[in-house]
1. Can you pull the one-decimal nm distance between simple spin-label points at residue 11 and residue 149, each 7 Å off the Cα toward Cβ?
2. With a point put 7 Å past each Cα toward its Cβ, work out how far residue 136 is from residue 172 in nm, to one decimal.
3. Modelling each spin label as a point 7 Å along the Cα-to-Cβ direction, I'd like the residue 124/residue 64 distance in nm, to one decimal.
4. Which order do 118, 160 take when ranked by solvent-accessible area (1.4 Å probe, heavy atoms of all protein chains), largest first?
5. Over the range 108-160, what is the relative contact order in percent, taking alpha-carbon pairs closer than 8 angstrom and at least six residues apart?
6. To the nearest 10 square angstrom, what accessible area does residue 171 show with a 1.4 Å probe?
7. Taking a ≥ b ≥ c as the square roots of the eigenvalues of the Cα gyration tensor of the range 56-176, is the shape rounded (a/c under 1.5), prolate (a/b larger than b/c) or oblate?
8. Can you give the extra length, in nm with one decimal, that the chain gains between residue 98 and residue 79 once fully stretched, where that is 0.36 nm per residue apart less the Cα-Cα distance?
Amino acid sequence: MNEAARTPGVLHLRLVDVPEPPAEGADWTHPEAAAPPHGDDYVQGTLAVDFRHEAYDSYFGPQATTTDDLPEARAWADRMIRALLEICAGTRPVDQLSRWLAPEVRDRVARRSTLARRRGHCRSGPPVVRALLTCHPADGVCEVAAVVHLDGRVRALALRMSGVDRRWVITALELG
């Protein structure tokens, strides 16, 4: 058998026009889709893969939510702060709140929880939220300042909640 017969064929990837018909509305039109397809771009044996659809994430990814479509911010923040303080004290697993924490906040809280479990539980009682203030700087955003009692100490806590997919998500957290 000759060498050319044993060599596998080479796969070529070529960008093709968007196969969907154009939809109505400014949100759906793509500049690439507006041009008519060219007949000479079709080549038999090529793989039709379109890597240009980064716009689909804006339709199917996380969606911003207005304040009116979210739970009442003060009561929700009070419950979440208590749960976060229990995690920081090492008495609650961080996985219980993963849905409501941004990944970077979740990682910071998980590290703090691990350290608290290593040093042992403080027997000063459950965490207490002494004071809570909320502020809405933009639609779908709430900033919270709180005075909390944790591990026998009074501390300041600040967090930012953003409305995502009809729920609050904590996107920033500072515990002094």
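The values are calculated or read from the model by the stated rules, or taken from the named source; none is laboratory data. The shown structure was predicted, so the numbers you read here are calculated from the model rather than taken from an experiment. Note: ideal-geometry Cβ built from the backbone for every residue, glycine included; neighbour counts use all protein chains shown. Heads up: the accessible areas ignore ligands, DNA and RNA and are worked out on the full protein's heavy atoms, side chains in. Shrake-Rupley method; radii C 1.70, N 1.55, O 1.52, S 1.80 Å.
1. Using points 7 Å along Cα→Cβ, the separation is 6.4 nm.
2. So the two model labels end up 1.9 nm from each other.
3. Inter-label distance under the simple model: 3.9 nm.
4. The most accessible residue leads, giving 118, 160.
5. 29
6. Per-residue accessible area (residue 171): approximately 50 Å².
7. Oblate, since a/c reaches 1.5 and b/c is not below a/b.
8. Computed gain between residue 98 and residue 79 is 5.4 nm.
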